[in-house]
Each structure stands twice: as C-alpha cells, then as structure tokens.
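Q: First the structure, then my questions, so here it is.
The values are calculated or read from the model by the stated rules, or taken from the named source; none is laboratory data. Bear in mind the structure is a predicted one, so any value in this text is a computation, not a measurement. Backbone-built Cβ (ideal geometry, glycine too); neighbour counts: all protein chains shown.
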Amino acid sequence: MLTSKLKNNLVFAFSALLFSTNVFAQPSEKNISRDQYIEMWKDEAINKMVAHNIPASITLAQGILESASGNSELARYANNHFGIKCHNWDGEKIYKDDDHKDDCFRKYQTAHESFEDHAKFLTGRDRYAFLFQYEVTDYKSWAKGLKKAGYATNPKYPELLIDLIEKHQLYQYDQMLEAATSKNPSIELTNNAKKPITVAPFTSAMVNTHTVNVSDNKIKFVQVKEGDTFYKIAKEFELGLWQLYKYNDLANDDILKAGDIIYLQPKKNKSKKVENHTIKNGETMRSISQKYGVKLKKLYKINDLTIGTNLVPGTIIKLK
C-alpha cells in the first residue's frame, strides 16, 4: 500500500502537471472540413486550370491530401498546400521532418502563391511534360501520371487522389474549362454526377470585393454583403476560418447577415476613445463588443459580469 507521504507526493506531482498543461497549452484552432476546403479553393483551382491546363480536380485533390484540407502545419504556418520542398528555392523556408529529418519546404506569404507555385512546378519541369498530353477531364491518367513522374513516394497516391475526386465529385470542376470560354450563360455538368449541376461561367473577378475599413479602435474590418460566406471572406483576405471565428467571437454555425461587421484582426482589450456604453433594447455583449472593437471576454471582465448575464436596458457598460 502507498504510504501517506507517497500519496501526497503523487497528488502534488499530478496537480503540477495539470497546472503546467493549462498554462502552456495553446488555444485550439477550428479545423477546416473537406467540404469547406473545396468551397474555399475551387475557384482558385479552376483559375489555374484555365491558365495552365491542369485539371481543377487534380489541384483540389492534391491540396486536400497534401495539406490535410488546409489543417497541416505546412498549410497553417507556411501557406504550403502541396508539400513542395525547397528544390532551388530562394524564398522563405520552413523545416519539418518528412522523408528525412528537417526536410526543407517552401514557405509562402499567401496560400494563393502556393497554388500558383504548384502550377508552375508542374508546367516548368520536363518530367511532368507528358501529363499535358492527357485531356483535362482525364483525372485518372493525371493521378497515375503524377505518381509515375515522382511527385509522391506513396505507392497508393493515384488511388488516394482518384478516391477524393470521385467521393467529392471534383471532376465536375474540370468541365469549367469549357464554361470559361463558352458564350452560354451556364453549362449543365453531368459527368457521372448523382444529379446535374448548373454552374455559372468562370470569372476571375474573385478577390478584393470588399472595402477594408479601420474602426475607431484601429482594427481593420469589412461589412458583410448579400451572398457572403465565411469561406469567401477568409479566402479573399488570406485568413483561416478559425481566425474569423476567433476575431469576431463567433461559432462555426453562426450565420452572416448583410451589414454585419467582420474584423480581420483581433479586437483590443479596451476602447481607445469611448469610456462607457448605455444598453439599448436588443443589444448583447457581443454586439457591443463588435460595435467598439473590444474583446468579448474583456468586456465581461471589465464589468464583473458572468457570461450569459441578461442585459437590462439603461445599464452602463464600461469599455475600458
């Protein structure tokens, strides 16, 4: 049996472990699902297909596989969605264990750069030249050809790509090459899909659609337009979905409404210009947080309130 002294020592050690875990653990980032990843990057993949004749389905499937749908360390911290290593690279680098210890990978300023470099990587090397003899809709030959050319060492690489393409019907985007040059207002995609899908012609006017404003609290923000989604705004400003949720105190099941303020940077701990706010009917702590650009948790702390407290109109809320 354990002695009393030994028991006390074990309790102390366990408590210390819990304390250190709480102190040093990093806040978790919301993972991007495959469907969200496809929604975020399908236009970019189509764009690269139009410019370089690389199947959009292949680009998307490789992005999903190589970046774990944008959740890998390389994707999060180096914007590298395709696992491309340095190979005569003069730009920024990041080192990570892969085939060897501390393998060198390319680091990009934005994910858009990663997609463009992926296209240049395939079009600029002789060993991939034979791939462009295949039709842009022949994703199976492209998948097998990538393995043959040495893009990946996994012997099941072609099967993995093909499975992703067929499971998520990514092949439908390969037909957008025709839509991009067609004068028809829309093209109906079938190509073995479970049901026909009508898509609008491709357009490259996909970025910088929002005006960036700066709040009185010196934080960049945009106002939501009709038809906006979290994915579109995240893609436009090269942010992760988790950043939009965190910066705006949102959950991933919240819905955007036209006119909403969406911050592109973290809110501040207090208001720089306004000291107090008087509660009006219908206001919440979050709406006040968004109005003044003050972190929601800080508002609760400054006012000694617990989360979920009902706000009474006329109540004074301190902002700093």
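Q: Just need a number here: residues in region 298-311 that are loosely packed, with under 10 Cβ neighbours inside 10 Å and at pLDDT 90 or above.
A: Selection size over region 298-311: 1.
Q: Still on this model: Could you tell me whether Thr306 is within 28 Å of Ile233 (Cα to Cα) and out of contact with any Asp or Glu (no Cβ under 7 Å at 6 or more places or on another chain)?
A: no
Q: Is it the case that Glu44 is among the charged types (D, E, K, R), under 14 Å from Ala111 (Cα atoms) and in contact (Cβ under 8 Å) with a residue 40 or more places away in the chain?
A: yes
Q: Find the residue count for region 274-284, including only residues that are within 11 Å of Lys318 (Cα to Cα) and of a type outside the set (Asp, Glu).
A: Number satisfying all stated conditions: 5.
Q: Does Ala119 satisfy the condition of being within 23 Å of the chain's Cα centre (by Cα), free of Cβ contacts under 8 Å to residues at least 24 places away in the same chain and in the same structural domain as Asp174 (by TED's automatic domain parsing)?
A: Judged against the criteria, Ala119 is not a match.
Q: Could you identify the single residue in Glu226, Glu159 that is outside the structural domain of Ile46 (by TED's automatic domain parsing) and at pLDDT 65 or above?
A: Criteria check complete, one pass: Glu226.
Q: Output the residue which, of all residues in region 269-287 that are under 29 Å from the mean Cα position of the chain (by Cα) and surrounded by fewer than 19 Cβ atoms within 10 Å (Cβ to Cβ), is farthest from Val214 (Cα to Cα).
A: Restricting to residues being under 29 Å from the mean Cα position of the chain (by Cα) and surrounded by fewer than 19 Cβ atoms within 10 Å (Cβ to Cβ), the top hit is Thr284.
Q: Return yes when Lys267 is basic (Lys, Arg) and touching a Gly at 6+ places or on another chain (Cβ under 9 Å) and no when it is not.
A: Yes.
Q: Also: From the list Arg106, Arg34, pick out the single residue that is over 20 Å from Phe237 (Cβ atoms), among the basic types (Lys, Arg) and touching a Ser or Thr at 6+ places or on another chain (Cβ under 6 Å).
A: Arg34
Q: Please work out if Glu135 is in a loop (DSSP other than H, G, I, E, B) and either in the same structural domain as Lys147 (by TED's automatic domain parsing) or surrounded by 14 or more Cβ atoms within 10 Å (Cβ to Cβ) (or both).
A: When the stated conditions are applied, Glu135 passes them.
Q: Separate question: Is it fair to say Leu241 is of a type outside the set (Asp, Glu), modelled with pLDDT of 80 or more and more than 17 Å from Lys268 (Cβ to Cβ)?
A: It is false that Leu241 is of a type outside the set (Asp, Glu), modelled with pLDDT of 80 or more and more than 17 Å from Lys268 (Cβ to Cβ).
Q: Any residue in region 89-104 that is assigned to a loop (DSSP other than H, G, I, E, B) sitting within a Cβ distance under 9 Å of a residue that is exposed (fewer than 11 other Cβ atoms within 10 Å of the Cβ)? List the pairs, counting only those 6 or more apart or interchain.
A: Filtered contacts from region 89-104: Asp99/Thr153.
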